[in-house]
Amino acid sequence: MRFALSPEQLDFGTSLRKLLDAGRTPAAVRAWAGGDPRLGRGLLRQLAGAGALGLAVEERHGGMGAEAIDLVVAFQEIGRAAAPGPVVETAAAIPALLQALPGAELAHRWLPGFSDGAALGTLAFTAPGRNPVALDADTAEVALLVDGDRLCTARRTGPVRSIDPARRLFQVAPDDVLIEGESVLEAAAAAFDAGVLAAAAQLLGAGHALLHASTEYTKQRKQFGKPIGEFQAVKQKLADVLIGLDLAEPLLFRAALTTAAPTRGRDTSAAMIACGDAAYAAARAALQVHGAIGYTAEYDLSLWLTKVTALRSAWGTMDLHRSRIARALRDEAVRERALRGTA
């Protein structure tokens, strides 16, 4: 299996990075957290203009009809910039959900607007004993809720505090039922895995941003008359972070290449665990390298620290993903024993 990105994919990632670097992203994130989405919406419209929000949308619905690996490339750059908004839901989860449903009415109603940046969408899932929570339900034009085997529009009922101020969470309740039946369960599974994949890519990008910020800071901060980056302990810590990020990347690429395979759930969960742990290690190292200034909300590093912490559990806890992997491996072992027994 080939994991190397094509020259076109590398160029696409580079163009998105330049766009986001020029887009005053930290200012947009802070304004979004304060309830003013104008800068952030402008940034997301630029991403849509570059094709990033329509990658997972089929051409018949106004999108690019690209492969999952292209979506991973885009979300690494979105994570590297800590861009605000329900981008995972708009560009990955909801397209996967609507395009997996029978018929094309709902997809044709909303996906063209997602692709061109005219609208944003958010998505929530019900879970036993928990109230469903949707990201940016006050900003998104489309709010959907998967309630068992029903797909409903959602109405927000109250705010929920997130460790990341730019993740504006709201409890939601079902409103109008759009479609119900077994097909909703299958489409919801596809949507969840698409969201996990995009969030994992976002985490990996954020991890690289934290490593870069840490490396640059070690060249400036001095102790005992020389930059701390010259100390072996600091070099080793950052080297460990780089190794973790590099080892997570193949798992992310594999998950992108197996979205149509029976192992999709196992592979996306493996990518989330690897990318989440690598990004979290990068965040811890960044805090240790920066010292007290890294804890201050005024310093831009905090935008990535809180983003990583929130994203690690936004699409399922690490325990949930480990359970999915264990269950998949157990089922594979049972099937193999059954095949050997009948051979």
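The values are calculated or read from the model by the stated rules, or taken from the named source; none is laboratory data. Since the model is a prediction, treat every value here as computed from it, not as a measurement. Please note: Cβ atoms are built from the backbone with ideal geometry, for glycine as well, and neighbour counts cover all protein chains shown.
Can you report the number of residues in the range 45-72 which are surrounded by 24 or more Cβ atoms within 10 Å (Cβ to Cβ) and β-branched (Val, Ile, Thr)? Residues in the range 45-72 being surrounded by 24 or more Cβ atoms within 10 Å (Cβ to Cβ) and β-branched (Val, Ile, Thr): 2 in total. On the given criteria, is residue 319 of a type in the set (D, E, K, R), more than 30 Å from residue 24 (Cβ to Cβ) and touching a residue at least 24 places away in the same chain (Cβ under 8 Å)? Criteria not met by residue 319. Filtered by the rule that a residue be of a type in the set (Phe, Trp, Tyr) and within 24 Å of residue 258 (Cβ to Cβ), the range 191-247 gives a lone residue, 192.
Scanning the range 159-185 for residues that are hydrophobic (A, V, I, L, M, F, W, C) and in a loop (DSSP other than H, G, I, E, B) yields 163, 166. Of all residues in the range 251-265, count the ones that are over 17 Å from the mean Cα position of the chain (by Cα) and of a type outside the set (A, V, I, L, M). Here the count works out to 3.
Checked against (1) within 26 Å of residue 71 (Cβ to Cβ); (2) among the aliphatic types (A, V, I, L, M); (3) under 20 Å from the mean Cα position of the chain (by Cα), residue 160 passes all but condition (1). Filter the range 155-191 down to the residues that are under 19 Å from residue 308 (Cα atoms) and out of contact with any helix residue (DSSP H, G or I) (no Cβ under 6 Å at 6 or more places or on another chain), then identify the one that is surrounded by the fewest Cβ atoms within 10 Å (Cβ to Cβ). Among those that are under 19 Å from residue 308 (Cα atoms) and out of contact with any helix residue (DSSP H, G or I) (no Cβ under 6 Å at 6 or more places or on another chain), it is 161.
You will find that of 260, 278, the residue that is under 26 Å from residue 324 (Cβ atoms) and buried (at least 22 other Cβ atoms within 10 Å of the Cβ) is 278 and no other. Inspection of the range 330-337 finds no residue satisfying the criterion of being touching a helix residue (DSSP H, G or I) at 6+ places or on another chain (Cβ under 8 Å) and either within 26 Å of residue 257 (Cα to Cα) or not in a loop (DSSP other than H, G, I, E, B) (or both). Taken over the range 38-83, the criterion of being in contact (Cβ under 8 Å) with a residue 40 or more places away in the chain, outside any helix (DSSP H, G or I) and in contact with an Asp or Glu (Cβ under 8 Å, 6 or more places away or on another chain) is satisfied by 62, 64.
One residue alone among 313, 323 is under 26 Å from residue 126 (Cβ atoms) and at pLDDT 95 or above, and that residue is 323. Just one of the listed residues (248, 188, 213) is touching a residue at least 60 places away in the same chain (Cβ under 8 Å), assigned to a helix (DSSP H, G or I) and within 20 Å of the chain's Cα centre (by Cα), namely 188. Taking the listed residues 153, 218, the one that is in contact with an Asp or Glu (Cβ under 6 Å, 6 or more places away or on another chain), touching a residue at least 24 places away in the same chain (Cβ under 8 Å) and either not aliphatic (A, V, I, L, M) or not in a strand (DSSP E or B) (or both) is 153, with no other qualifying. For the range 166-220, a tally of residues being under 24 Å from residue 285 (Cα atoms) and among the charged types (D, E, K, R) returns 3. Scanning the range 130-150 for residues that are assigned to a loop (DSSP other than H, G, I, E, B) and small (Gly, Ala, Ser) yields 137, 140, 148.
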